[in-house]
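Shown next, in structure tokens, is the structure this report addresses.
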Amino acid sequence: MDPPPGWLSGPRKKKPRLTGALVASSPQDVKFQDLVLFILEKKMGTTRRAFLMELARRKGFRVENELSDSVTHIVAENNSGSDVLEWLQIQKIKASSQLELLDVSWLIECMRAGKPVEMTGEHQLVVSRDCSACPSSGPQKAPPLAVQKISQYACQRRTTLNNHNQIFTDAFDILAENDEFRENEGPCLTFMRAASVLKSLPFTIISMKDIEGIPCLGDRVKSIIEEIIEDGESSAVKAVLNDERYKSFKLFTSVFGVGLKTSEKWFRMGFRTLSNIRSDKSLTFTRMQRAGFLYYEDLVSRVTRAEAEAVGVLVKEAVWASLPDAFVTMTGGFRRGKKTGHDVDFLITSPGATEEEEQQLLHKVISLWEHKGLLLYYDLVESTFEKLKLPSRKVDALDHFQKCFLILKLHHQRVDSDQSSWQEGKTWKAIRVDLVVCPYERRAFALLGWTGSRQFERDLRRYATHERKMIIDNHALYDKTKRIFLEAESEEEIFAHLGLDYIEPWERNA
Ligand code: DCT
Ligand code: MG
């Protein structure tokens, strides 16, 4: 797509002024009557603008000297859609939905073709959702312009599992994880947000032009994208993948019950393999870590959907034995349509249960499974939920509902699939399961929170706080301006309270 040498992208300085460019084309010279162009001088410069205007006129395009109502196409260089809108606003000109905002690459292609070429997403300038110049119609309405807006908040983007930019998002996921291991919060967040916004794009990035105007992509992120476009890989990612600390932390944290603190300790002690850690007599392990080592192979192999469904049947059987009216919903990644997961998450709620029955439920479920010999590990955490407590301001805070983290023994015959990966002789697989019980009137908040993704939840909280003066967590939504709790029976109602378009669970894979 590069213009011929020394031509359109040639030297921009010191060109003789082209006075002819300021003469509007006479009507008989105009070959393409439907288009009225205006070329923005901002960031392009007078000389280059004059040059392009004259060239376009020679090719039969109508190019206006001034911006007027008749203009149909605005062409800009080195400006995002938001920049152009902002400029229009300063000129007190309202952008109509008919107006096309285009990058100069479109004009260059037209010049080469000698006629208007089709406008693709590559040419159209992107306007970010948080652009201050955008009409303040609120996020519920469709974007007023033909251009696609991308929000800095994941809760205003639709992110399916169809990732067009995996080569980039894998790189940023690795860099974020490395910064998480090093407890570099700022850079970690930067990379997580970059990966998240790229996962939502409906196209594959092939040139740096494609990312103009996209939020959450700072200079460091852009230079990594540029390197991947040019070399097919990032040297920073390569370095991380070869880094001793990263490799060790990745391995250690793959054990259930091992977090950053333990990994740090083992790394400092010089451990680099799990077998050395397992057999070291001087180390002591928590109950969780012992279970983690005991069922390591099963737990690192991903849970399939068929296995998740089979666990769902077990959970329902056990829950309904105590509370027949309870709702049992699979949440987490599986609700977002993922085919595999590291665990299976369930939300349980009963419209008719008393507080006492609700509190007893998980205890009964546990003892039933213990009886049946299905319980390999469990940790039951009692509820600390208080009805009148304000939602937490922390973006990553844990919720206060009663919950149980388990490892269940899932017998192969309960799974509706033929799996060759199962070890011969062993008739079951250890599966990580999370159960959460919430009061019935909080089910919509709990469901929204436990559906994830984590990045979607973080951005939902950030959006509520910064854009709506509200606080949301897994329990409630509080309006700080009105000083009231906003109740909701469904996820749709929560989105509506927040003035957000509804995002389906399978569009929350941010
Ligand atoms: N969550 C939460 N509070 C926690 C843990 C999780 O609100 N203490 C939310 C965030 C995501 C969702 O619950 C499910 O959590 P995970 O199982 O960790 O994530 P996942 O998206 O289901 O991913 P995976 O497929 O790896 O299980
Ligand atoms: Mg999960």
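Does region 126-142 contain any residue that is farther than 30 Å from Glu491 by Cα and modelled with pLDDT of 90 or more? Walk me through it before giving the result.
Filtering region 126-142 down to residues farther than 30 Å from Glu491 by Cα leaves 133.
With the extra rule that they be modelled with pLDDT of 90 or more, the set shrinks to none.
No - not one qualifying residue is present in region 126-142.
Answer with yes or no whether Ile472 is within 14 Å of Leu398 (Cα to Cα), within 16 Å of ligand 1 (Cβ to nearest atom) and of a type in the set (A, V, I, L, M). Give the derivation first.
Values: within 14 Å of Leu398 (Cα to Cα): yes; within 16 Å of ligand 1 (Cβ to nearest atom): yes; of a type in the set (A, V, I, L, M): yes.
Answer is yes for this residue.
Could we say that Ser392 is more than 16 Å from ligand 2 (Cβ to nearest atom), modelled with pLDDT under 95, polar (S, T, N, Q) and closer than 21 Å to Asn474 by Cβ here? Step through it out loud before you land on a result.
On the way: more than 16 Å from ligand 2 (Cβ to nearest atom): yes; modelled with pLDDT under 95: yes; polar (S, T, N, Q): yes; closer than 21 Å to Asn474 by Cβ: yes.
Yes; evaluated as a whole, the condition is true for this residue.
Only one of (1) surrounded by 20 or more Cβ atoms within 10 Å (Cβ to Cβ); (2) of a type in the set (Phe, Trp, Tyr); (3) not in a helix (DSSP H, G or I) is not met by Trp266, so which one is it?
Result: Trp266 fails condition (3) only.
Please go through region 228-258 and give me each residue that is out of contact with any helix residue (DSSP H, G or I) (no Cβ under 9 Å at 6 or more places or on another chain) and either outside any helix (DSSP H, G or I) or touching a residue at least 12 places away in the same chain (Cβ under 8 Å) (or both), ordered by number.
Selection gives Asn242 alone.
Table: residues versus (1) closer than 29 Å to Asn165 by Cβ; (2) within 22 Å of the chain's Cα centre (by Cα).
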| position | (1), (2) |
| --- | --- |
| Ile471 | no, yes |
| Arg483 | no, no |
| Leu486 | no, no |
| Glu489 | no, no |
| Phe495 | yes, yes |
| Ile503 | yes, yes |
| Trp506 | yes, yes |
| Asn509 | yes, yes |
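Could you check region 359-410 and list, in sequence order, the residues that are surrounded by fewer than 17 Cβ atoms within 10 Å (Cβ to Cβ) and more than 25 Å from Thr451 (Cβ to Cβ)?
Gln360, His363, Lys364, Ser367, Glu370, His371, Lys372, Gly373, Leu388
Which count do you get for residues in region 190-227 that are in contact (Cβ under 8 Å) with a residue 12 or more places away in the chain and not in a loop (DSSP other than H, G, I, E, B)? It would help to see each step written out before you state the result.
Within region 190-227, the first condition is being in contact (Cβ under 8 Å) with a residue 12 or more places away in the chain, and the residues that meet it are 190-218, 220-222, 224-226.
When the remaining residues are screened for being not in a loop (DSSP other than H, G, I, E, B), the result is 190-199, 208-211, 220-222, 224-226.
Counting residues in region 190-227 that are in contact (Cβ under 8 Å) with a residue 12 or more places away in the chain and not in a loop (DSSP other than H, G, I, E, B) gives 20.
Filter region 205-221 down to the residues that are more than 15 Å from Ser128 (Cβ to Cβ) and over 17 Å from the mean Cα position of the chain (by Cα) and list them by number.
Once the filter is applied, which keeps residues that are more than 15 Å from Ser128 (Cβ to Cβ) and over 17 Å from the mean Cα position of the chain (by Cα), region 205-221 yields Ile206, Ser207, Met208, Lys209, Asp219, Arg220.
Looking only at region 359-407, count every residue that is under 27 Å from the mean Cα position of the chain (by Cα) and among the acidic types (Asp, Glu) and tell me the total. Please lay out each step first, then the result.
At the first step, the residues of region 359-407 found to be under 27 Å from the mean Cα position of the chain (by Cα) are 390-401, 403, 405.
Then drop every residue that is not among the acidic types (Asp, Glu), which leaves 396, 399.
Result for region 359-407: 2.
Residue-wise test of (1) in a strand (DSSP E or B); (2) within 16 Å of ligand 2 (Cβ to nearest atom); (3) buried (at least 19 other Cβ atoms within 10 Å of the Cβ).
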residue	(1), (2), (3)
Glu424	no, no, no
Val436	yes, yes, yes
Glu441	no, no, no
Leu448	no, yes, yes
Leu460	no, no, yes
Lys482	no, no, no
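Considering only residues of region 46-66 that are in a loop (DSSP other than H, G, I, E, B) and surrounded by 15 or more Cβ atoms within 10 Å (Cβ to Cβ), which is modelled with the lowest pLDDT? Break it down into steps so the answer makes sense when it comes.
Going residue by residue through region 46-66, those that are in a loop (DSSP other than H, G, I, E, B) are 59-61, 64-66.
Narrowing further to those that are surrounded by 15 or more Cβ atoms within 10 Å (Cβ to Cβ): 59-61, 64.
Details: Lys59: 87, Gly60: 92, Phe61: 93, Glu64: 93.
Restricting to residues being in a loop (DSSP other than H, G, I, E, B) and surrounded by 15 or more Cβ atoms within 10 Å (Cβ to Cβ), the top hit is Lys59.
Please list, ordered by first then second residue, the pairs with beta carbon atoms under 7 Å, 6 or more apart or interchain, first in region 386-399 and on the phi < 0 side of the Ramachandran plot, second more than 11 Å from ligand 1 (Cβ to nearest atom) and in a loop (DSSP other than H, G, I, E, B).
Listed pairs, sorted by first residue: Pro391/Ala476.
Looking at Leu323, is it of a type in the set (A, V, I, L, M, F, W, C) and within 16 Å of ligand 2 (Cβ to nearest atom)? Reasoning before the result, please.
Numbers: of a type in the set (A, V, I, L, M, F, W, C): yes; within 16 Å of ligand 2 (Cβ to nearest atom): no.
It is false that Leu323 is of a type in the set (A, V, I, L, M, F, W, C) and within 16 Å of ligand 2 (Cβ to nearest atom).
Pull out all pairs, ordered by first then second residue, where Cβ-Cβ is under 6 Å, the residues are six or more apart or on different chains, the first lies in region 349-378 and is under 18 Å from Lys429 (Cα atoms), and the second is of a type in the set (Val, Ile, Thr).
Final answer for the pair search is Leu376/Ile407; Tyr377/Ile407; Tyr378/Ile366.
Is it the case that Leu299 is in a strand (DSSP E or B), within 13 Å of ligand 2 (Cβ to nearest atom), surrounded by 15 or more Cβ atoms within 10 Å (Cβ to Cβ) and touching a residue at least 24 places away in the same chain (Cβ under 8 Å)?
Working: in a strand (DSSP E or B): no; within 13 Å of ligand 2 (Cβ to nearest atom): yes; surrounded by 15 or more Cβ atoms within 10 Å (Cβ to Cβ): yes; touching a residue at least 24 places away in the same chain (Cβ under 8 Å): yes.
The answer is no for Leu299.
Out of the residues in region 333-358 meeting the condition of being within 11 Å of ligand 1 (Cβ to nearest atom) and under 22 Å from Thr384 (Cα atoms), tell me which one is nearest to the chain's Cα centre (by Cα).
It comes out as Asp345.
Only one of these conditions is not met by Leu406: (1) farther than 17 Å from Gly341 by Cβ; (2) within 16 Å of ligand 2 (Cβ to nearest atom); (3) of a type outside the set (Asp, Glu). Which number is it?
(1)
Hey, among the residues in region 435-465 that are within 9 Å of ligand 1 (Cβ to nearest atom) and more than 16 Å from the chain's Cα centre (by Cα), which one's farthest from Tyr377 (Cα to Cα)?
Selected residue: Ala446.
Please work out if Thr349 is of a type outside the set (Phe, Trp, Tyr), surrounded by 17 or more Cβ atoms within 10 Å (Cβ to Cβ) and within 16 Å of ligand 2 (Cβ to nearest atom). I'd like the intermediate steps shown before the answer.
On the way: of a type outside the set (Phe, Trp, Tyr): yes; surrounded by 17 or more Cβ atoms within 10 Å (Cβ to Cβ): yes; within 16 Å of ligand 2 (Cβ to nearest atom): no.
No: the conditions fail for Thr349.
Filter region 316-327 for residues that are without any contact (Cβ under 8 Å) to a residue 40 or more places away in the chain and surrounded by 19 or more Cβ atoms within 10 Å (Cβ to Cβ); which is farthest from ligand 1 (Cβ to nearest atom)?
Checked region 316-327; the qualifying residue farthest from ligand 1 (Cβ to nearest atom) is Leu323.
The values are calculated or read from the model by the stated rules, or taken from the named source; none is laboratory data. This is a predicted model, so every value here is computed, not measured. Cβ atoms come from the backbone with ideal geometry, glycine included; neighbour counts cover every protein chain shown.
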